[in-house]
Amino acid sequence: MPSKSCTGSNKADALMLRSQELFHLTCHIQPSKGLLSPVLIVEGVRSSGKTFTLNELRKIVSAQSKWIDLDCRRVYGIRGILQRFLVRILNAELQAILNEYDPALAQQIKDRIELCDGISSFIWTLEVLLEVGSKYFDCYSHIFVLDHIDQMLGNDSPVVLATALARLHEQVPKCDNFCFVFVASSPNSLDLTSLSLPHVFFPAYTYDQLNKVLYLRLMASGWRTKVEESLWKSQDLAKDTGIFFKTLSSLLLESFSFYIGSDVDLAIHAFDRLFPHFVEPIARVGSIVNGVNDPTAVYNANRKLLQSEWAIRDTFVDEGINLENEDTNENRSVESYDITLKAKYIIIAAYLASFTDSRYDLMLFSKTNEVRANSKLHRKIRSNKFSVNSKMLQPQPFPLERLLAILHAIYHEDVPEDDVNSDVLLLTQLNTLASLKLILRATTGDSLTTSLRWKCNVNWTVAKKFADDVGFEIQNYFIE
């Protein structure tokens, strides 16, 4: 697949098609303090050059600003987006300033970032950073780009996030050099009805513009190298390559206009499947011979193939998005999945509390090795031939006190240098896991009881994965 961007003069030609939109963007995104718009909404249909134009603007203002862009299709929910923003803000330069000012405060801020689960905690952390690193923030303007905000993952509403960030400068006056750019494909998807919020609209490409953009994308792709290698007898390589792609882009749009519309990505996908049929005849001859192997002749010879649905995408999954971590399972760190180390131990403790009998807690989780190594008790339990694997049963509800006891036992054994305290931070993590439906509040059906009980809502595969991430042998805690 080719790159989604153009290079060199091709970029300049493509940018000329969006010169008016680029002018409007530069009016609102200024690196100078006091001239930066706090909020900017960029709207337009899919594949209309919004991200490309913003990336080019980034190169213009990058010397005096910190540009933080985020694809909301790759991050889960408001919590993940706010955490990513804080992590990107807290770069090495600002981290050094915090360590010099107060190392304890620097560690507290890092802990707060891990536990950031809403706008309120985001504002608290941001206010501390602005207070301590005021000189740093005065030197640079910060532009936050939320690309594809209308396609945000999870059940959180993008309107809630956009509304909160749009009014952030009212709650935090010191962030006057912050700009939040919301990029959306659906018209009025954010529903921010305010005359004070500027909008930059990107209309759909016309047919001529789409043909030129497709041609520039093809000329900047890896296919150009393959075509040049096939034209080994050509007298004018640059001219023949340009004619090949210009003719082929026109034929492609004419053949699949009913399917492509104004979406360049769909045209690139169709071209990806049809390209070998056009380049192989040229490679056999070494040059383009009119009426024999030129794109029009090959098009007429393969008219049935081009008129069929063979080149049409048969999946709604965006091939440009990879939700999996690039690392392998063996190299994946404990910070994967946007879940902290302590949160993973909470899930492991909840799974053990739901799928192990409380009668054996002393044997399984005792810090005394003699109790845990009692082989007679193990043999007695295993001797029951009618016992069923507990992992195959429904999760059993448990009180919060039992979860905390198991958590202290397994966490202290694996991470002795750290400690888990039953404080506000721990309860905040429990509330976050409950909001993610990883731990559920169990209903007992007894209206007279006042104790709150919980149960784990993950299966064995997920629990085992988290245990492997932190190096915890969870299978050793089941008596089967």
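Values quoted throughout were computed directly from the atomic coordinates according to the rules given, and no laboratory measurement underlies them. If you're wondering where the values come from, they're calculated on a predicted model, not measured in any experiment. We place every Cβ from the backbone using ideal geometry, glycine too, and count neighbours over all the protein chains shown.
A few points about this structure:
- Cβ-based exposure ranking for V42, V160, in which fewest neighbours within 10 Å come first: V160, V42
- Pairwise FRET efficiency - L362 versus D272, Cβ, R0 = 51 Å, nearest 0.05: 0.25
- Applying 1/(1 + (r/R0)^6) with R0 = 45 Å to the Cβ-Cβ distance of Y140 and N476 gives a FRET efficiency near 0.35.
- Modelled label positions at T163 and T225, each set 7 Å beyond Cα in the direction of Cβ, lie 5.0 nm from each other.
- Each Lys and Arg adds +1 at its Cβ and each Asp and Glu adds -1 at its Cβ; summed about the Cα centre, segment 207-307 shows a dipole of about 160 debye.
- In this Cβ point-charge picture (+1 for Lys and Arg, -1 for Asp and Glu), segment 18-202 has a dipole of about 420 debye about its Cα centre.
- Net length gained if the chain between L153 and A442 were fully extended (0.36 nm per residue, minus Cα distance): 101.4 nm
- Links that overshoot a 27 Å alpha carbon limit, given the list K342/K464; K66/K344; K212/K239; K342/K437; K135/K342; K50/K246: K66/K344; K135/K342
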